[in-house]
Ligand SMILES: Nc1ncnc2c1ncn2[C@@H]1O[C@H](COP(=O)(O)OP(=O)(O)OP(=O)(O)O)[C@@H](O)[C@H]1O
Ligand SMILES: Nc1ncnc2c1ncn2[C@@H]1O[C@H](COP(=O)(O)OP(=O)(O)O)[C@@H](O)[C@H]1O
Ligand code: SF4
Ligand code: SF4
Ligand SMILES: [Mg+2]
Ligand SMILES: [Mg+2]
């Protein structure tokens, strides 16, 4: 049984200007010790997936339907009190997008980590103090940093603090939403090394989210490519990077500037991502797709398994 | 009003700008206590003595981590920050030179002037020669202005088109150039009605509309999704072809630099550590910091998940207030650490000289200097 299994998840935002179908019939799973990478452009629904798995869709968002099975138990149906007692931060935790800039400026970082321990983990103050030191060391920081305030830390140090908070109660599954997007390349590489260490030494399962497939390649065993609220390709990293099938995945990969090899013309994806209040009919990628076929703007392609564990939703591969 | 130096030629015919030993130091606020204790004023040494020259239609790249002084260098060339020391020679068109002369700027031979000494009141005409595009497409455009108003502003400031009809015509043309078509539709949109990539197109349109010689592009793609970065880079190339713009391109990503830059200067804590042809610098880097920057860049290869990345750099950039003595990179340098016996008399004591170790390839590191 996978650690996490998400089935046909729909999460919509009920805004005044319409219903935003941010996550629309999304399914995936994460095995124990495995890292799933979710890639896609901004607005494709990655963060909404992350919040949904925490069962805390930001208002006016709501999980409309679908199941989120953690160790086989559907947590969507759980009462808020039970989620708080048993699931959130203990079983699944999250490094929020931009969290390092959301640290509270008036408290020391040690205090803020300890707070998550006392609040969610039932630690006493003294126990929490000890654990904070352990956690800081685990993420490669000097324990004396506990006494410092967020503004006294560099971007990389703050991001490590935020990761320490997510690890506080040793959850088996950690979601990291664009954890390196605001960081410099060197610091980004250092943080990715840290995530690898946690994955290998602590056997943590992860959902790693980024718009950059190059960064995702650092940790992900399995890849889900999102476009316009849907997963359009899903499969083992070795397959998705080397034999991408969906036109969107192919273009995403060709748009990455490379350090080595011939300087080919970089590709880009012309046009703009869809407005998820009224997504395009048929395949949501059809207005931007260079390969579109006859049925593309009318009928929606469904995910089909084209080889073992490798799924793609595109009419190029579907038998009609 | 020609000055003494006017006899000699300051910029060669293909040079459009030359920066010599530029320093930009920002004074830190000093408490009364510091004052009473006689603690001297301290400075953020954002740019600490850099030199480079720009050839016509070249793309010169400044690469380095956050806080190393890239933006400050760009702002210095725009005269948006006070220049502490150094010279910034720029060649300007004759008409602009005349305007500047009237405003009291010292014009040297060949219509060259030293931007570092140009009086504040003469900065405005300089904007027709040097423009800047900023990193954050969300913050750099006035949210209360339509695209038309945003583009009309520079035309009015510089008196480029006097009638409204003329201005609209120019704006329509520039919008077509940056591929925001149909222009009539985009003219009446507000920035929040545009995607990040479209906003960056407007930002380039606003810079290019005054037909500048030089454009400083400060991380114009780093806030954009990877999938649309190439679109903006391609636009930059087109603008170069069409209008002959020379770029100073600022980025922290060497892989991006490889696609757009002719030459690269790697910057660390306010200084250049290596300057070379873009491809040579990436293929054959010498400086330990350049090597670390290259080693840090992720590539879409699933094999990378199987091993740690070998970074050969320690910690993070220190503050530009407390610049380490000797080679400012030494606290993070693994080469220094591994060869401490041999290097310690140099690396921690004296700044390494900038040497040309291969043709047009400059490196500042004691590993390559006579010790
Ligand atoms: N107006 C200012 N007053 C004081 N210090 C400043 C000012 N502007 C910049 N600095 C400091 O100067 C140094 C260089 O900053 P700069 O913005 O040029 O770096 P950068 O290389 O562009 O970094 P980034 O990649 O983050 O954009 C930093 O230490 C910064 O904090
Ligand atoms: N709190 C919210 N209220 C309304 N719409 C939202 C909210 N958060 C996200 N959205 C919309 O949902 C869609 C998916 O957003 P998000 O999950 O943040 O995507 P990503 O993380 O891939 O950038 C977008 O159209 C976005 O504008
Ligand atoms: S279904 Fe059609 S439009 Fe969609 S990605 Fe495949 S070919 Fe392109
Ligand atoms: S001069 Fe010394 S410390 Fe500086 S980069 Fe070279 S080896 Fe390292
Ligand atoms: Mg997001
Ligand atoms: Mg900057």
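Read-outs: derived from the displayed coordinates by stated rules, not from any lab. Predicted model, so just to flag it, every value in this text is computed and none were measured. Cβ: placed from backbone, ideal geometry, glycine included. Neighbour counts: every protein chain shown.
Suppose R0 equals 56 Å. What FRET efficiency, 1/(1 + (r/R0)^6) with r the Cβ-Cβ distance, do residue B:356 and residue A:152 give to the nearest 0.05? Please report the intermediate quantities before stating the final value.
On the way: r = 41 Å, r/R0 = 0.73.
FRET efficiency, residue B:356 to residue A:152: 0.85.
For helix B:164-177, report the angle its Cα long axis makes with the longest principal axis of the Cα atoms of chain B; keep it between 0 and 90° and round to the nearest 10°.
So the inclination is approximately 50 degrees.
Just grab the label-to-label distance for residue B:243 and residue B:57, each label 7 Å out from Cα along the Cβ direction, in nm (one decimal).
1.6 nm
I'd like the mean, over residues of A:209-222, of how many other protein chain beta carbons sit within 10 Å of each residue's own Cβ.
4
Could you put A:246, A:286 in order, starting from the residue whose Cβ has the fewest other Cβ atoms within 10 Å?
Ascending number of Cβ neighbours within 10 Å: A:286, A:246.
Percent antiparallel among DSSP beta bridges with both residues in chain A, to the nearest 5?
Antiparallel: roughly 60 percent of the beta bridges in chain A.
Where both residues lie in chain B, what percent of DSSP beta bridges are antiparallel, nearest 5?
65 percent
Considering the Cα trace of segment B:20-92, what is its radius of gyration and what is Dmax, both in angstroms?
When restricted to Cα atoms, segment B:20-92 yields Rg and Dmax of 15.4, 53 Å.
Hey, what D do you get for segment A:189-255 in µm²/s if you plug the Kirkwood alpha-carbon radius into Stokes-Einstein at 10 °C and 1.306 mPa s?
Numbers: Rh = 12.7 Å.
In µm²/s, the coefficient is 125.
Semi-axes of the equivalent ellipsoid for chain B, please: Cα gyration tensor eigenvalues, times 5, square-rooted, ordered largest first, whole Å.
36, 27, 20
In degrees, nearest 10, range 0 to 90: what is the angle between the Cα axis of helix A:109-121 and the longest Cα principal axis of chain A?
80 degrees
Two decimals is fine: what is log10 I(q)/I(0) at q = 0.22, 0.24 Å⁻¹ for segment A:243-304, from a Debye sum with one equal scatterer on every Cα and no solvent?
Once normalised to I(0) and log-transformed, intensities are -0.97, -1.09.
Provide, as a two-decimal number, the C-alpha radius of gyration of segment A:216-256 over 2.2 N^0.38 Å, N being how many residues it has.
Dividing the Cα Rg of segment A:216-256 by 2.2 N^0.38 Å gives 1.06.
Convex hull over the Cα atoms of segment B:60-162, averaged projected area in nm²?
Numbers: hull surface 33.5 nm².
Taking the Cα atoms of segment B:60-162, their convex hull projects to 8.4 nm² on average.
Can you compute the modelled spin-label distance between residue A:19 and residue B:156, with each label point 7 Å from Cα toward Cβ, in nm?
4.6 nm
So what is the 222 nm mean residue ellipticity for chain A from helices alone, if each DSSP H run of at least 4 adds -39500 (n - 2.57) and you divide by all residues, rounding to the nearest 500 deg cm²/dmol?
Using -39500 (n - 2.57) per qualifying helix, the result is -7500 deg cm²/dmol.
Dimensions of chain A along principal axes (Cα, Å, largest first)?
Taking the Cα atoms of chain A, the three principal extents are 66, 51, 40 Å.
Can you tell me the Rg and the Dmax, both Å, for the Cα atoms in segment A:275-320?
Gyration radius and largest Cα-Cα distance of segment A:275-320: 11.2, 34 Å.
From other protein chains only, count the Cβ atoms within 10 Å of every residue's Cβ in B:228-234, then give the mean.
6
Please pull out the direction-averaged projected area of segment B:245-286, using the convex hull of its alpha-carbon atoms, in nm² to one decimal place.
For segment B:245-286, the mean projected area of the Cα convex hull comes to 3.1 nm².
P(r) for segment B:78-133, please, calculated from all Cα pair distances in 10 Å bins and given in %.
Result returned by the calculation: 25, 61, 14.
What does the convex hull of the Cα atoms of segment A:81-240 come to per residue, in Å³, rounded to a whole number?
127 Å³
Two decimals is fine: what is log10 I(q)/I(0) at q = 0.17 Å⁻¹ for segment B:96-214, from a Debye sum with one equal scatterer on every Cα and no solvent?
-0.85
On a C-alpha basis, how far is the centre of segment B:327-347 from the centre of segment B:33-93 in Å? Whole number, if you could?
Here the two parts' Cα centres lie 26 Å apart.
Could you tell me what percent of the DSSP beta bridges with both partners in the protein assembly as shown are antiparallel, to the nearest 5?
Details: 63 of 100 bridges.
Counting only bridges with both partners in the protein assembly as shown, antiparallel ones make up about 65 percent.
For segment A:187-317, state what percent of all Cα-Cα pairs lands in each successive 10 Å bin, counting from 0 Å until the bin that includes the largest distance.
P(r) for segment A:187-317, in whole percents per bin: 11, 37, 34, 15, 3, 0.
Using the Kirkwood formula on the Cα atoms of segment B:253-371, what hydrodynamic radius do you get, in angstrom to one decimal?
15.2 Å
Please list, by residue number, everything in segment A:295-313 whose backbone N is under 16 Å from a paramagnetic label point 7 Å out along Cα→Cβ of residue A:281.
Residues passing the 16 Å test: A:295-301.
Report the calculated FRET efficiency for residue A:137 and residue A:32 (r = Cβ-Cβ distance, R0 = 30 Å), to the nearest 0.05. Provide the component values of the computation, followed by the final result.
Values: r = 25 Å, r/R0 = 0.83.
The value I calculate is 0.75.
How long are the semi-axes of the equivalent ellipsoid of the protein assembly as shown, taking √(5λ) for every eigenvalue λ of the Cα gyration tensor, in whole Å from largest down?
Gyration-tensor ellipsoid for the protein assembly as shown: 45, 34, 24 Å.
How well do other chains shield peptide A:264-271, expressed as the mean number of their Cβ atoms within 10 Å of each residue Cβ?
Neighbouring Cβ atoms belonging to other protein chains average 5 per residue here.
Show log10 I(q)/I(0) for segment B:302-371 at q = 0.23 Å⁻¹, two decimals, from a solvent-free Debye sum over equal Cα scatterers.
Per q value, in the given order, log10 I(q)/I(0) is -1.03.
Helix-only estimate, please: 222 nm mean residue ellipticity of chain B, summing -39500 (n - 2.57) across DSSP H runs of length 4 or more and dividing by its residues, to the nearest 500.
Rounded to the nearest 500, the figure is -9000 deg cm²/dmol.
I'd like the FRET efficiency for residue B:36 and residue A:80, computed as 1/(1 + (r/R0)^6) with the beta carbon distance as r and R0 of 56 Å, rounded to 0.05. Could the numbers behind the result be given before it?
Values: r = 58 Å, r/R0 = 1.03.
Using R0 = 56 Å, I get an efficiency of 0.45.
Once the piece of chain linking residue A:317 and residue A:264 is laid out straight, how much longer is it, given 0.36 nm per residue of separation minus the C-alpha distance between them?
Full-extension gain reported as 16.3 nm.
Measure out, as a whole number of angstrom, how far apart the alpha-carbon centroids of segment A:4-54 and segment A:200-231 sit.
First find each Cα centre; the distance between them is then 13 Å.
To the nearest whole percent, what portion of all C-alpha pairs in segment A:40-99 is separated by more than 18 angstrom?
35 percent
Provide the three semi-axes, in whole Å and in decreasing order, of the ellipsoid equivalent to segment B:174-331 as defined by the square roots of 5 times the Cα gyration tensor eigenvalues.
Details: eigenvalues 233, 71, 48 Å².
Largest first, segment B:174-331 gives 34, 19, 15 Å.
So how tilted is helix B:147-157 from the main axis of chain B? Cα-based, degrees 0 to 90, rounded to 10.
That helix lies at roughly 90 degrees to the long axis.
Would you kindly compute the Cα radius of gyration of segment A:56-157 and its largest Cα-Cα separation (Dmax), both in Å?
Reported Rg and Dmax, both Å: 16.2, 46.
On alpha-carbon atoms, Rg over Rh for segment A:1-97 using Kirkwood Rh?
Looking at segment A:1-97, the ratio lands at 0.95.
Just how far, in whole angstrom, is segment B:98-139 from segment A:264-281 if you go by their alpha carbon centroids?
Centre-to-centre distance over Cα atoms comes out at 40 Å.
By count of other Cβ within 10 Å, fewest leading, how are A:123, A:291, B:268 ordered? List each step's numbers first, then the result.
Working: A:123 20, A:291 13, B:268 23.
With the sparsest Cβ surroundings first, the list reads A:291, A:123, B:268.
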